[in-house]
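For reference, the structure discussed in these notes is given below.
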Amino acid sequence: MRKPITDLIHHPYQPPAHFAAPQPGVHRASTVFFADVAAMRGRDWKTKAGYTYGLHGTPTTFTLEERLATLEGGTACLLVPSGLTALALVAFALLKTGDEVLIPNNAYGPNKALAAGELANFGITHRLYDPMEPDDLVAKLNARTRLVWLEAAGSVTMEFPDLPALTAICRAHGVVSALDNTWGAGLAFNPFDFDGSGQGVDISAHALTKYPSGGGDVLMGSVTTRDDRLHNALKLTHMRMGFGVGANDAELLLRSLPSIALRYAAHDRSARTLARWFASRDEIAQVLHPAIEGSPGHAHWRRLCAAPSSAAAGGEAGEQGLAAGLFSVVFDERFSADDVDRFCDSLKLFRLGYSWGGPVSLVVPYDVGLMRDAAVSRWPHRGTLVRFSVGLEAVEDLQDDLEQALSGL
């Protein structure tokens, strides 16, 4: 007779099938069992027809990938441990020694740092282009260009480029276009189909850390495509580099996704309210928010995000369009960087912290010189820039907090 511990590990009981509930089950696995040797040898890890090993997917991660692909308008999705990992996966899958990648000069800083560090070490060059000048992209494309990154809006300076024009240039030159779609989140516009004609980017990378999570407590990223060839190239690199995500993190994302459209719209409403309020203050030289008249690229945002088709995943765009709960302000140059730092320190509800998309409002001041390097070439400002991520607090309370901090200037 077997010992109890053996029966405990090899217990025959299986719960009844066909259990249904609002949230999917959570499957944690490294090892996956096979019924027999033939099944083990016949299973293909590259498809979702079965399971081979935890890194290659479980019911939990497959479900999340499929839902994210639907959110962004793609057909295939891969999960990675962070938004930056999503950018790295695209680069490592598509670039080799001697290739060149073009990156917007207002892009997410770590993407540029990755190009200047690891990619350069592998013999891959990069150049920065002005995303607000399509002709600058044309001028910098060359025979070695294999990948062009796009970002809308700019990570800190919030310029909104003409995405259809930039992707058309990439397509005409046979170069893959990849969009950091964290700001749009699959809601403000469809990255794979800008206007219903099928024109869009080739790849969408997304920091799920932000709006899909919504809690400020999960690190995860995704890479989505509509192109089987690109997806297979990405999936091979994904496997060889051992990228995987934890089942509990995937569970949190699955729990948050159903409310993303409601949360995104709430962030948007409050951010626009505060951005317009800032525009009335004489302490502020400019408000940078794509949906606000006068912000760089506002016309591009309006054409792409305020069209009826832009309510891609359940948001109601209407005449107002959709925009993230993120904006920046440039303080009048009469205020020193130290003055602006004191303003940020005196805020009570806005917490000092990176990232965005969570329930708590955040603020970050940026160095003027850094902004001149990070922004597009026509950056006209000399005052200090401060970026706000508007959370889910009552907007009246947030405005009161900003007013009391401004009064201290």
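The values are calculated or read from the model by the stated rules, or taken from the named source; none is laboratory data. Values in this document were obtained by computation on a predicted structure and should not be read as measured data. Cβ: placed from backbone, ideal geometry, glycine included. Neighbour counts: every protein chain shown.
If only residues of the stretch 101-150 that are of a type in the set (D, E, K, R) and in contact with a helix residue (DSSP H, G or I) (Cβ under 8 Å, 6 or more places away or on another chain) are counted, the one that is farthest from Val363 (Cα to Cα) is Arg146. For Ala250, the conditions (1) at pLDDT below 95; (2) of a type in the set (A, V, I, L, M, F, W, C); (3) assigned by TED's automatic domain parsing to the domain that holds Thr85 are fulfilled apart from (1). Taking the condition in the same structural domain as Asn111 (by TED's automatic domain parsing), touching a strand residue (DSSP E or B) at 6+ places or on another chain (Cβ under 8 Å), surrounded by fewer than 22 Cβ atoms within 10 Å (Cβ to Cβ) and in a helix (DSSP H, G or I), does Leu230 pass? Yes: the conditions hold for Leu230. Residue count for the stretch 373-396 satisfying the condition of being modelled with pLDDT of 85 or more and surrounded by 13 or more Cβ atoms within 10 Å (Cβ to Cβ): 12. The set of residues from the stretch 223-247 being under 17 Å from the mean Cα position of the chain (by Cα) and within 19 Å of His27 (Cα to Cα) comprises just one member, Val245. State whether one or more residues within the stretch 92-109 are of a type in the set (D, E, K, R) and in contact with a Pro (Cβ under 7 Å, 6 or more places away or on another chain). The answer is no, given that none of the residues of the stretch 92-109 is of a type in the set (D, E, K, R) and in contact with a Pro (Cβ under 7 Å, 6 or more places away or on another chain).
Condition first: small (Gly, Ala, Ser) and surrounded by 19 or more Cβ atoms within 10 Å (Cβ to Cβ). Now tell me which residues in the stretch 207-227 satisfy that.
The first filter runs over the stretch 207-227 and keeps only residues small (Gly, Ala, Ser), leaving 207, 213-216, 221-222.
Those that are small (Gly, Ala, Ser) and surrounded by 19 or more Cβ atoms within 10 Å (Cβ to Cβ): Ala207, Ser213, Gly214, Gly221, Ser222.
For the stretch 66-80, a residue qualifies if it is closer than 14 Å to Glu251 by Cα and under 15 Å from the mean Cα position of the chain (by Cα), and the qualifying residues are Leu68, Leu79. Of the residues contained in the stretch 86-96, one or more are found to be touching a residue at least 24 places away in the same chain (Cβ under 8 Å), among the basic types (Lys, Arg), in the same structural domain as Thr157 (by TED's automatic domain parsing) and over 24 Å from Gly246 (Cβ atoms). Identify the residue in the stretch 178-199 that is surrounded by fewer than 24 Cβ atoms within 10 Å (Cβ to Cβ) and free of Cβ contacts under 8 Å to residues at least 60 places away in the same chain and, among all such residues, is nearest to Glu100 (Cα to Cα). Among those residues, the one meeting the criterion is Gln199.
Tell me whether the stretch 289-303 contains one or more residues that are buried (at least 18 other Cβ atoms within 10 Å of the Cβ), within 20 Å of Gln23 (Cα to Cα) and out of contact with any Leu (no Cβ under 6 Å at 6 or more places or on another chain). Within the stretch 289-303 (the criterion being buried (at least 18 other Cβ atoms within 10 Å of the Cβ), within 20 Å of Gln23 (Cα to Cα) and out of contact with any Leu (no Cβ under 6 Å at 6 or more places or on another chain)), the answer is no, since none of the residues qualifies.
Results for (1) in contact with a Phe, Trp or Tyr (Cβ under 6 Å, 6 or more places away or on another chain); (2) surrounded by 17 or more Cβ atoms within 10 Å (Cβ to Cβ), shown as yes or no for each residue.
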{"residue": "Tyr13", "(1), (2)": "no, no"}
{"residue": "Thr47", "(1), (2)": "no, no"}
{"residue": "Thr52", "(1), (2)": "yes, no"}
{"residue": "Leu89", "(1), (2)": "no, yes"}
{"residue": "Ile103", "(1), (2)": "yes, yes"}
{"residue": "Asn106", "(1), (2)": "no, yes"}
{"residue": "Ala120", "(1), (2)": "no, no"}
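Among the residues making up the stretch 248-263, a single one is surrounded by 19 or more Cβ atoms within 10 Å (Cβ to Cβ) and either at positive phi or over 18 Å from the mean Cα position of the chain (by Cα) (or both): Glu251.
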